[in-house]
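Presented below is the structure to which this report refers.
Just so you know, all these numbers are worked out from the coordinates, no wet-lab data involved. Just so you know, these numbers come straight off a predicted model, no measurement behind them. As a convention, Cβ positions derive from the backbone with ideal geometry for all residues, glycine included, and neighbour counts pool all protein chains shown.
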Amino acid sequence: MRGEYAMEPSISIRELTLKFGALTVLKGLNLDVNPGEFVVLLGSSGCGKSTLLNCIAGLLDVSDGQIFINGRNVTWEEPSQRGIGMVFQSYALYPQMTVEGNLTFGLKNARVPKAEIADRVARAAKVLQIEPLLKRKPAALSGGQRQRVAIGRALVRDVDVFLFDEPLSNLDAKLRADLRVEIKQLHQRLENTMIYVTHDQTEAMTLADRIAIMKGGNVLQFDTPNEIYNRPASRYVAEFIGSPSMNFVEGTGDLSASPRFAGTHGDFALDGYAFAGRPAGGPAAFGIRPEHIVCGPEAQAKPIHLDTKVDLVEPLGSDTLAWVHAGDQPFWVRMDGQSTIRPGDRLPIGFDPARANLFDMQTEARI
Amino acid sequence: MGHNKTPAAMPEITLASRGMVDGPSGPKPTKRLSRRNIMIYGILIVVSLYYLVPLYVMIVTSLKGMPEIRLGNIFAPPVEITFEPWVKAWAEACTGLNCDGLSRGFWNSVRITIPSVLASIAIASVNGYALANWRFKGADIFFTILIFGAFIPYQVMLYPIVIMLREIGLYGTLWGLVIVHTIFGMPILTLLFRNYFTSLPEELFKAARVDGAGFWGIYFRIMLPMSLPIFVVAMILQVTGIWNDFLFGVVYTKPEVYPMTVQLNNIVNSTQGVKEYNVNMAATLLTGLVPLAIYFVSGKLFVRGIAAGAVKG
Amino acid sequence: MAASRPNQLFRNMAAKIAAIPMIVTALVVFVGGTLWTVAYSFTKSRLLPKWDLVGLDQYERLWGTRRWLVSIENLFIYGVCMLVLSLVIGFILAALLDQKIRYESAFRTILLYPFALSFIVTGLVWQWILNPEFGVQNIVRSLGFESFTFDPLYNAKIAIYGILIAGLWQGSGLIMVLMLAGLRGIDQEIWKASRVDGIPAWKTYVFIIIPMMRPVFVTTLVIIASGIVKVYDLVVAQTSGGPGIATEMPAKYVYDYMFGGQNLGQGFAASTMMLLAVAVVIIPWAMLEFGGRKRGT
């Protein structure tokens, strides 16, 4: 994380509420983004992530709360006055203008001096490597080039804050990966504050300094990708991040001095587990990621080990996924791509509770 | 529901300043009567009044007696409401040839419209289906001609059709007019159905073929049940179009089978006798009643229909 | 599998049979009828069509007839005004309705209902409203403006504008609906982008939205144009071409000569001229619209 605590946040959202009639889309949401930070708003569709971004941009009027950008209260400001640039999913380029026209239209309208406009366009075109395209129209560009132009339009505004609304969703997989790298490089070079909305966890994990996981108009967890992956704040977050999803064993947690977890297949000590707060016993779900399960002979070395039978094998080349079960408890496990395992085989698995997560069955919060 | 932020990830300064800071907060205050809104609603209301005036004038005039019309202005509501003009328009108004009112024209229009609508939709939907799913060599050429035909001024084809109808002995009859309506409805309706059937998933058609269904089997058992909305749209388009037709009615039928629009025009513009404006307006309203009723009842579907009919090419 | 390849002619036989009405209509009525009329426009057919070629005689007579010249002039005035005004009015109304206003559907219903009415009904209502004895003129006069004159249908000089008022009333709702559909088809993110760029709404309409709606405008233009050439019922109902021949239209000329004047040759020649006028509008449009693409429509 780049931010230093003494700095004033670049973007600050206070108790933001947005209602469409009877429907509350954002519920008293708070968020602080440090200067130069790359924040990804991640969630499934309808979680309010795009709505939040549109509120920050000023494209939606909020129902309650405040928005600060660079210390200035912009809650009532017009989008063009907020000091933001925005990149859209559909690129939203003006189709009958050339690339250059697209980059300059807003500046000309704001009566920026000609020399200044030329300078900014030249700089943006250089950064984004779209110099040869300046005289072309959007229709004559590929999807990736269009998105670069769209980024350019935000760039020439010379602002500190960039907003991205699912910018890569309309591109094919290969191009998406390429542009993802470019956006990351762009951020490293410009050091602007960026807020990036996506439903793609790979984009979120790779790009973000911090990820805000959203659900139902709330931020469930706002943390570094690493922290979100290793210590998800709730069962929802744990399931949302990671593919295949985390395995859960339901049972009871005994969280006394020597904490234990009792599932249907015996109980075991939770040695080395990092508890989130005051442990209280009760019904709990024990979660372990497929990639944290060790298979085969080495499984015996792990604190917890089980005997399972293989139901299904999915070779992916780089690794192999297997769907196994112990009794009626299924697990996804991830193992080496060269594995020769076949359905019906016996497979010992083992894991370390230090890499696991325990969730309260009632509140779904991490214990 | 709470914000499960770990302390490490929460910059301290924001914890300290968690409370609301002074300054704008909540929704941007907008005046309900901003200048922009006054302008928008003002223009729309004025324009709407202009559009409503003729309907209003028709109604009030048709409810007045002739003496009142001669005295007052056309916008004034009737002092004494009378339904006499309506009765007269329906049953007694003279066209120059006979004096049995619009009722004859109304029933003629009904007898023209129903078979014309059914025939044109049946033929056009099968055509559209054949074009969408059973493409055969040359189909596109005929279809293109058909669509261009929609733009040819009817005047060019009026007389050749007179000859054709005369040859088959239907000139001047109701059925002749039905054929004419079916022919001239074909381009738009075929396009409408073709586009609709093309938009249905092709897998459905393929699956039915694999299951051994033939041309008619697929049409009746797969396509028809899935296409109710488009049939309704086509029906609205045709009923209003045929009901409102004047040119074909006047060219291809004789006075006994004149449709309502032709008869209405003859009543109102007949040069004999004293002009009875109230009867004229009642007659005009009566003629407009069927399409108006369809319009107000079908709403969105009507709009879809005319949009489809309008975007001919 | 091993069966011999079936005869091409009998493939999709049912589809071909089903398409017979379409083929007959296209070839016999549309192509055949049009060619027949064009061919007989070069004859001196009077009461009945007669294959008696007279070259361009009918056309010479046509263009020497004052009534035809007035018709063309009327069509021109009516056409240009109708095109410009209905596009402008239709677009402005659509843009107003697109401002996320309340009661949008009520306004739309009101603006479109005249389109459900026939030209005959339209013509008769406006004949009544524009009647100087009872209508608008009378009312304004009774308000104290004694010298106020507004009698378009009785004044040969402006009669065609009386028709125009009725035509606009009947047809502009449709244009509004088409334009509204066009506006709704614009990517909402374009509007967002222009707001972030700080472009005022009117500038966004003029420089971004209207150019983006070019196809809608072109299609609408073609619709209005092909409707204008066919204008007949409205004139018949509203003025019967009068006063005098002040509101004659080509379509009425054709009808009168074919079915009233018993001069078929003139009717054919006049209708061929109408066809020509439509072709001048349609062919460039069709080439523009479908020329680039492979398949028609």
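Just checking the listed ones, A:Lys135, A:Lys174, A:Lys215: in the Gaussian network model of chain A with Cα springs under 10 Å, the one fluctuating most is A:Lys174. Charge dipole (Cα centre; +1 on Lys/Arg Cβ, -1 on Asp/Glu Cβ; no other charges) of segment A:11-238 amounts to roughly 540 debye. Between segment A:125-154 and segment A:156-229, the alpha-carbon centres lie 20 Å apart. Scanning chain C for DSSP H helices at least 27 Å long along the axis (C-alpha atoms) with a Kyte-Doolittle mean no lower than 0.5 picks out C:66-97, C:159-184, C:264-290. DSSP beta bridges confined to the protein assembly as shown are antiparallel in about 75 percent of cases. Report summary: the helix-based calculation at 222 nm, which adds -39500 (n - 2.57) for every DSSP H run with n ≥ 4 and divides by the residues of chain B, gives -21500 deg cm²/dmol. Which of the three applies to chain B, rounded, prolate or oblate, going by the alpha-carbon gyration tensor with a ≥ b ≥ c and a/c under 1.5 meaning rounded? Oblate shape, in that a/c is at least 1.5 and b/c is the bigger or equal ratio. Summing charges over neighbours of B:Thr82, with a neighbour being any other residue whose Cβ is under 11 Å away from its Cβ, gives -1 when K and R count +1 and D and E count -1.
For chain B, a Gaussian network of Cα nodes joined below 10 Å ranks B:Ala89, B:Ala207, B:Ala234 by mean-square fluctuation, and the top entry is B:Ala207.
For helix B:277-298, report the angle its Cα long axis makes with the longest principal axis of the Cα atoms of chain B; keep it between 0 and 90° and round to the nearest 10°. Value to nearest ten degrees: 40.
Counting neighbouring Cβ atoms within 10 Å and putting the fewest first, the residues A:Thr308, C:Thr109 line up as C:Thr109, A:Thr308. Here B:Lys206, A:Lys27 are placed in order of increasing Cβ neighbour count within 10 Å, fewest first, which gives B:Lys206, A:Lys27.
What ranking of A:Arg210, B:Arg70, A:Arg231 emerges when the number of other C-beta atoms within 10 Å of each C-beta is taken as an exposure proxy, fewest first?
On the way: A:Arg210 24, B:Arg70 11, A:Arg231 16.
Ordered by Cβ neighbours within 10 Å, fewest first: B:Arg70, A:Arg231, A:Arg210.
Once the C-beta distance of B:Arg166 and C:Ile20 is scaled by a Förster radius of 30 Å, the resulting FRET efficiency is 0.85 to the nearest 0.05.
Looking only at A:Leu133, A:Leu103, A:Leu16, which one moves most when chain A is put into a Gaussian network model with springs between Cα atoms under 10 Å? It is A:Leu133. One Cα centroid belongs to segment B:119-140, the other to segment A:313-367; the line between them spans 57 Å.
Other residues within the sphere of radius under 11 Å centred on the Cβ of A:Arg146, judged by their own Cβ, net out at +4 (K and R +1, D and E -1). The HN-Hα couplings worked out from phi for segment A:299-306 by the Karplus form 6.51 cos²θ - 1.76 cosθ + 1.60 (θ = phi - 60°) are 4, 4, 6, 7, x, 10, 9, 9 Hz, whole numbers, x standing for Gly and Pro.
Annotation: amide H of A:Leu220 within the under-5 Å range of A:Ile213, A:Met214, A:Lys215, sequence separation 5 or more or interchain, hydrogens built in the peptide plane. Spin-label model, A:Arg111 to B:Ile45: label points 7 Å out along the Cα-to-beta-carbon direction sit 3.6 nm apart. For chain B, the longest principal axis of the C-alpha atoms and the axis of helix B:260-269 are separated by about 70°.
What net charge is computed for the residues neighbouring B:Val126, neighbours being all others with C-beta under 13 Å from the C-beta of B:Val126, Lys and Arg scored +1, Asp and Glu -1? Net local charge, B:Val126 excluded: +2. Hey, for a label at A:His325 modelled as a point 7 Å past Cα toward Cβ, could you say which residues of segment A:251-284 have their backbone N under 20 Å away? Under 20 Å, as judged by backbone N against the label point of A:His325, lie A:251, A:263-266 of segment A:251-284.
Note on segment A:3-56 and segment C:41-105: Cα centroid distance 59 Å, given to the nearest whole angstrom.
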